[in-house]
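Student: To start, I am sharing the structure in question, which I have written as structure tokens.
Just so it is clear, none of the values below were taken in a lab; they were calculated from the coordinates. What you see is a predicted model; the values in this text were computed from it and never measured. Cβ coordinates were reconstructed from backbone atoms using ideal geometry, including for glycine residues, and neighbour counts include every protein chain displayed.
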């Protein structure tokens with residue numbers, strides 16, 4: 001089977017997209033209105049996530065060449081791909097929030113990929129509950145600051161106690 005140069009370019013582009021993505025989610029969609037798709041694209045754009053409808057056959061070839069057979073197996077029916085090069089949890093987080101607000105089952109998570117590991121839909125849901133990178137860094141900073149803050153409070157309490165002794 002001869003593959004045209006255009007199709008080879010699409011496969012190469014899809015391989016690059018999948019391999020460079022920190023996080024990716026393969027989405028099944030049907031019955032979405034234009035307004036809903038526009039709203040979803042805006043939410044993805046705000047989080048730095050690329051969202052595009054994909055060709056199953058060409059994406060299946062790219063996934064198999066990357067050793068992602070679990071992803072290739074899910075490429076049936078109307079399919080889209082949400083990817084992020086920066087935040088591994090962003091595609092899952094935006095999708096799960098959107099699906100919660102959506103009535104019916106017009107959008108379904110087929111499979112996810114986070115840092116090269118293939119995830120089933122339940123694992124994608126779990127990843128979606130994680131905060132974004134900035135949130136995680138903020139939590140880490142808070143944990144690191146706690147001991148210093150406690151020492152500062154203890155020193156202040158001792159100083160206040162000594163001040164009260166000298167006044168009395």
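Student: First measure r as the distance between the Cβ atoms of residue 108 and residue 35, then evaluate 1/(1 + (r/R0)^6) with R0 = 25 Å and state the FRET efficiency to the nearest 0.05.
Tutor: It comes to 0.80.
Student: Find how much the distance from residue 19 to residue 55 grows on full extension, using 0.36 nm per residue of separation minus their present alpha carbon separation; answer in nm with one decimal.
Tutor: Difference between extended and current length: 11.2 nm.
Student: Rg over Rh of region 5-130, using C-alpha atoms and the Kirkwood radius, what does it come to?
Tutor: 0.94
Student: Which angle from 0 to 90°, rounded to the nearest 10, does the C-alpha axis of helix 56-65 make with the longest principal axis of the chain?
Tutor: For helix 56-65, the angle is close to 60 degrees.
Student: I've got another one for you. For the residue pair residue 145 and residue 97, what label-to-label distance in nm results when each label sits 7 Å from Cα along the Cα-to-beta-carbon direction?
Tutor: Going by the 7 Å Cα→Cβ label model, 2.3 nm.
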